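The values are calculated or read from the model by the stated rules, or taken from the named source; none is laboratory data. The structure presented is a predicted model; accordingly, all values stated were derived computationally and were not measured. Cβ coordinates were reconstructed from backbone atoms using ideal geometry, including for glycine residues, and neighbour counts include every protein chain displayed. Surface accessibility is based on the protein's heavy atoms, side chains included, excluding ligands, DNA and RNA. Shrake-Rupley method; radii C 1.70, N 1.55, O 1.52, S 1.80 Å.
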Amino acid sequence: MPTDIDGILLLDKPLDLSSAGAVARAKRLFGARKAGHTGSLDPLASGMLPICFGEATKFGARLLDADKTYRVTVRLGERTASADRESEVIEKRELPDFSAARMQHALEEFPRAYAQVPPMHSAIKQDGRPLYEYARAGITRERAARAIVIRDMAFLDWQPPDLTFEVRCSKGAYIRVLAEDLAARLGTIAHLAGLRRLAVAPFSKEPQWIFEALEAMTAAQRLGLLLPVDAALADWRRLDLPPGGVNAFRQGQTVSVGPEMPGNVRIYAAGAGFLGLGAIGPAGRVVPVRLVASTKSGV
């Protein structure tokens, strides 16, 4: 029978598995009642997929909005309809004699803030249907450009026709589109040949776990790998409630905390651990924003 499990698993998602399929497999493996991912990875991509269990699902949106870091391989001189390896090559061009220095310069000069047009092969919906359904029917729809931010791009390797680099970017960035836009600035075409997600802020150096390793563990060992429910909230200021305010806060009431700086806070209490998120107003009272129930693990 499924049980109530709380915490965050940093899964190293394998290739050829959807994010929904990865969540279902992890949910069965942990025997969890409730689980969800925090930003899908295509089946053709591997790497970090944070999976939230139980009470941690209440804060999954924080990870959806977080910066992501990828290792990207772009194949220049070849274009596909889907901009990745999901579809066949539909156009080829002979490449100029690009040098590694030219590739590095192209990454350095690429705009850090630009408007990116989402691809037709995406799950964005128009008139109730995902764009990829239109694309598969040979229909192209107008798409509004989205503002994204490239935090950093670092050259790794140039083995013609494949360029490999790392990129850290804001939410909403399509790496397939980035590959095509980068190629256009080089005067050629391209598609995404390889993609691995290395980090989802604030997680970067923590271990990631493959299914084979998880399946070889005992249930207790797997539970010991879960990060706390509040692990994704490190950028929120911490506030420890006085004992007299814990019950009121848990019931959704505002609590006086005295002369504290206004703003968002994560709330803790002695003996009770993490209680949820709150907002301190100018009058020195904290208003509950998101509460958690008592957790079974991870706090």
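Here are the numbers for this structure:
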{"read-out": "Tally of residues being within 19 Å of the chain's Cα centre (by Cα) and either among the small types (Gly, Ala, Ser) or crowded, with 18+ Cβ neighbours inside 10 Å (or both) across segment 186-209", "value": "11"}
{"read-out": "Breaking point among (1) in contact (Cβ under 8 Å) with a residue 60 or more places away in the chain; (2) closer than 20 Å to residue 166 by Cα; (3) in contact with a Leu (Cβ under 9 Å, 6 or more places away or on another chain), for residue 93", "value": "(2)"}
{"read-out": "Residue in segment 1-43 that is modelled with the lowest pLDDT, counting only those that are in a helix (DSSP H, G or I) and open to solvent by less than 10 Å² (accessible area, probe 1.4 Å)", "value": "19"}
{"read-out": "Residue in segment 62-75 that is more than 17 Å from residue 196 (Cα to Cα), open to solvent by less than 40 Å² (accessible area, probe 1.4 Å) and among the acidic types (Asp, Glu) present", "value": "no"}
{"read-out": "Looking only at segment 158-185, and only at residues there that are over 24 Å from residue 65 (Cβ atoms), surrounded by fewer than 20 Cβ atoms within 10 Å (Cβ to Cβ) and touching a helix residue (DSSP H, G or I) at 6+ places or on another chain (Cβ under 8 Å), the one that is modelled with the highest pLDDT", "value": "158"}
{"read-out": "Any chance residue 212 is over 25 Å from residue 155 (Cβ atoms), outside any strand (DSSP E or B) and open to solvent by 60 Å² or more (accessible area, probe 1.4 Å)", "value": "yes"}
{"read-out": "Matching entry among 227, 223 (being modelled with pLDDT of 95 or more, within 19 Å of the chain's Cα centre (by Cα) and not aromatic (Phe, Trp, Tyr))", "value": "227"}
{"read-out": "Residue within segment 88-100 that is open to solvent by 10 Å² or more (accessible area, probe 1.4 Å) and closer than 23 Å to residue 197 by Cβ present", "value": "no"}
{"read-out": "Count of residues meeting criterion [closer than 13 Å to residue 278 by Cα and either among the β-branched types (Val, Ile, Thr) or loosely packed, with under 12 Cβ neighbours inside 10 Å (or both)] in segment 241-250", "value": "1"}
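Matching residues to (1) among the charged types (D, E, K, R); (2) without any contact (Cβ under 8 Å) to a residue 12 or more places away in the chain; (3) out of contact with any Ser or Thr (no Cβ under 6 Å at 6 or more places or on another chain); (4) farther than 23 Å from residue 180 by Cα:
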| position | (1), (2), (3), (4) |
| --- | --- |
| 11 | no, no, yes, yes |
| 46 | no, no, yes, no |
| 53 | no, no, yes, yes |
| 68 | yes, no, yes, no |
| 72 | no, no, yes, no |
| 78 | yes, no, yes, no |
